[in-house]
Amino acid sequence: MKLAISGKGGVGKTTLAALLAQVYADQGRDVLAADGDPSPCLAGALGFPDDLRAKLSPIAEMDALIEERTGAKPGASGGFFTINPRVDDIPERFSVLNRGVRLLEMGAVDLGGSGCICPESAMLKTLFTHLLFRDDEVLILDMYAGVEHLGRATVDFVDAMIIVVEPTRRSLGTAVQIKKLAEDIGVKRFWLVGNKVMNDDEAAFLRNESPRIPVLGLLPSDTAVQEADRLGIAVYDHVPALRQAAEKMAAELVTVIEGV
Ligand SMILES: Nc1ncnc2c1ncn2[C@@H]1O[C@H](COP(=O)(O)OP(=O)(O)O)[C@@H](O)[C@H]1O
Ligand SMILES: [Mg+2]
């Protein structure tokens with residue numbers, strides 16, 4: 001099951017990615033979680049202990065590795081480099097495993113629109129593609145910047161994109177834009193997750209006004225989420241209401257995607 005989690009900054013992508021990853025891991029599934037944020041924070045949301053977090057660093061910042069694999073120094077312009085470097089050993093070598101969740105930090109690269117091709121972007125794009133081809137039981141991509149840059153061939157392997165929204169009209173408008181961009185490169189199945197829901201009115205708003213994207217579930221607003229962050233522990237362990245909501249979503253995803 002390959003899930004891409006998308007949405008505007010601050011809506012709760014990382015919180016949801018961490019919750020779903022731990023739910024599946026606790027069911028005994030192999031989970032690979034990829035943090036696509038230039039300032040990675042999924043390790044924190046998962047409550048990874050400091051000694052493990054110290055072992056992580058974003059692939060995009062591994063200049064020596066990128067040069068070794070692509071044949072060119074990151075940041076160099078001109079010159080030749082391979083656009084399909086070897087990456088198959090990277091998930092095992094550079095990820096860390098905690099409570100059944102294997103975490104890999106991708107890091108920041110301008111993979112974006114301008115057709116930019118540089119050693120770092122070749123490396124990351126090849127790595128994303130590789131992750132989608134691997135046969136991990138569950139792959140969760142915490143997508144900071146959308147999936148547009150991944151390209152059609154890659155995205156065929158995404159089973160579903162989950163778009164996280166807050167209960168505002170503006171947030172729903174953003175969801176429509178995200179969906180459109182993802183559809184353009186071939187993503188076929190979308191779900192909406194409403195986060196930071198304060199009351200029944202907000203819940204009803206999301207369910208009634210969803211822009212024809214099925215609602216996978218809603219997560220309540222809870223100050224314990226920020227508290228977990230301050231304490232350095234996982235929302236999964238600290239906020240039962242969110243864990244339970246995520247468990248329902250995880251079950252629904254299994255039913256629809258795996259047909260169980
Ligand atoms: N359900 C919630 N209730 C209260 N605060 C939340 C909730 N979900 C997320 N937050 C807070 O909102 C901020 C952004 O969440 P995060 O998951 O990092 O978003 P994103 O990855 O989309 O940028 C964090 O400070 C987080 O603690
Ligand atoms: Mg995030």
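A short reminder: the numbers here are calculations on the coordinates, not readings from a lab. None of these values were measured; they are calculated from a predicted model. Counting neighbours? That spans all protein chains shown, and the Cβs are built from the backbone with ideal geometry, glycine included.
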Problem - Spatial separation of Cα centroids for the range 16-78 and the range 210-247, in angstrom - result: 22
Handout entry: Net charge contributed by nearby residues that have their C-beta within less than 15 Å of T168 (K/R +1, D/E -1)
Key = +1
Problem - Within a Gaussian network of the chain (alpha carbon springs, distance under 10 Å), most fluctuating of M62, M106, M143 - result: M62
Practice task
Rank P119, A64, L103 by how far each Cα sits towards the positive end of the charge dipole of the range 53-185 (+1 on Lys, Arg Cβ; -1 on Asp, Glu Cβ) and give me just the farthest.
Solution key: L103
Completion exercise
GNM on the chain, Cα springs under 10 Å; top mean-square fluctuation among K188, K125, K55 goes to K55
Problem - Loop-located chymotrypsin sites (Phe, Trp or Tyr not before Pro) in the range 28-132 whose Cβ has at most 11 other Cβ within 10 Å (DSSP) - result: F80
Exercise for the section: Determine the shape class of the range 118-179: with a ≥ b ≥ c the square roots of the Cα gyration tensor eigenvalues, call it rounded for a/c under 1.5, and otherwise prolate if a/b is greater than b/c, oblate otherwise. Expected result: prolate
Problem - Antiparallel DSSP beta bridges within the range 2-258, as percent of all bridges there, nearest 5 - result: 10
Fill in the blank from the handout: In a Gaussian network model of the chain with springs linking alpha carbons closer than 10 Å, the residue among T14, T126, T223 that fluctuates most is T223
Exercise for the section: Report, in deg cm²/dmol and to the nearest 500, the calculated mean residue ellipticity at 222 nm for the chain, where each DSSP H run with n ≥ 4 adds -39500 (n - 2.57) and the sum is divided by the residue count. Expected result: -12500 deg cm²/dmol
Completion exercise
Taking a ≥ b ≥ c as the square roots of the Cα gyration tensor eigenvalues, with a/c under 1.5 meaning rounded and otherwise prolate when a/b beats b/c or oblate if not, the chain comes out prolate
Completion exercise
Links exceeding 25 Å between C-alpha atoms in this model, out of K8/K196; K55/K125; K55/K179; K125/K179; K125/K196, come to K55/K179; K125/K196
Exercise for the section: Rounding to the nearest 20 debye, state how big the charge dipole of the range 2-258 is about its Cα centre with +1 on each Lys and Arg Cβ and -1 on each Asp and Glu Cβ. Expected result: 560
